[in-house]
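Here is the structure we will look at.
The values are calculated or read from the model by the stated rules, or taken from the named source; none is laboratory data. All values derive from a computational prediction rather than experimental measurement. Positions of Cβ are backbone-derived with ideal geometry, glycine not excepted, and every protein chain shown enters the neighbour counts. Protein only, heavy atoms only, side chains kept; ligands, DNA and RNA dropped before computing areas. Shrake-Rupley method; radii C 1.70, N 1.55, O 1.52, S 1.80 Å.
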Amino acid sequence: MILTNEELPGQGLILKVPKPLELMCNTTDDNSLNVTWLKNGNPVIISDNLHIFSENNSLVIHHTEDDDVGEYTCVVDENVNTTIEVKDDVLINGSAGHIMFESSDIHFNDILTIQEVEFDDRAYYSCEASNEVNKVKSTIYVRIKDKLAALWPFLGICLEVSILCGIIFFYEKKRVKPDASAGFKSS
């Protein structure tokens, strides 16, 4: 009865901060049914950043943040509902394709490893640590460059050196050399 915009039903959607996120809740029987949205079991609060459109029963977050991760439930007339899980693009304590998170038992040296880096891996990565006293978050931006990026400056330097060597060689050949025998007088 309810269709969502998930690529594979039940798999959820991946949150790509800060890109917009749209959650669809299409009722196949009747679009005039009353639809409400919940996030993690609580009613969604409409704001400047979050809108609900009753024409197509969609929820749109214009500028996403890490806090937008969670379970969004579309409730139709309080009888029928479906849940769309919005996940972070990196799985914690697991792997997401070529991105691996290695957790130690003591959690002092957890490691996030990106194998076979792709241009799509260019993003902000956040690490959050907390205990009973404090909560700390650190964010780093990972830039991805082409593997041949260093080749072009190297080729430019080689070309420049070749041109300079050619000019020096050309002018040395053209330079008038004094005659070596002119310095000796014969008797």
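Structure values in brief
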| quantity | calculated |
| --- | --- |
| Subset of segment 116-148 (residues that are more than 25 Å from residue 64 (Cβ to Cβ) and surrounded by 10 or more Cβ atoms within 10 Å (Cβ to Cβ)) | 145 |
| Residue under evaluation residue 4, criteria (1) under 27 Å from the mean Cα position of the chain (by Cα); (2) under 28 Å from residue 128 (Cα atoms), criterion not met | (2) |
| Strands (runs of 3 or more DSSP E) (entirely within segment 1-67) containing at least 1 residues that are among the hydroxyl-bearing types (Ser, Thr, Tyr), at negative phi and surrounded by 14 or more Cβ atoms within 10 Å (Cβ to Cβ) | 2-4, 21-27, 35-39, 58-61 |
| Residue within segment 69-88 that is on the phi > 0 side of the Ramachandran plot, modelled with pLDDT of 80 or more and open to solvent by less than 30 Å² (accessible area, probe 1.4 Å) present | yes |
| Matching residues, segment 130-150, being at pLDDT below 80 and either among the small types (Gly, Ala, Ser) or touching a strand residue (DSSP E or B) at 6+ places or on another chain (Cβ under 7 Å) (or both) | 130 |
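Each row is one residue, and each column tells you yes or no for (1) within 24 Å of the chain's Cα centre (by Cα); (2) not aliphatic (A, V, I, L, M).
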{"position": "36", "(1), (2)": "no, yes"}
{"position": "39", "(1), (2)": "no, yes"}
{"position": "44", "(1), (2)": "no, no"}
{"position": "50", "(1), (2)": "yes, no"}
{"position": "53", "(1), (2)": "no, yes"}
{"position": "58", "(1), (2)": "no, yes"}
{"position": "62", "(1), (2)": "yes, yes"}
{"position": "76", "(1), (2)": "no, no"}
{"position": "83", "(1), (2)": "no, yes"}
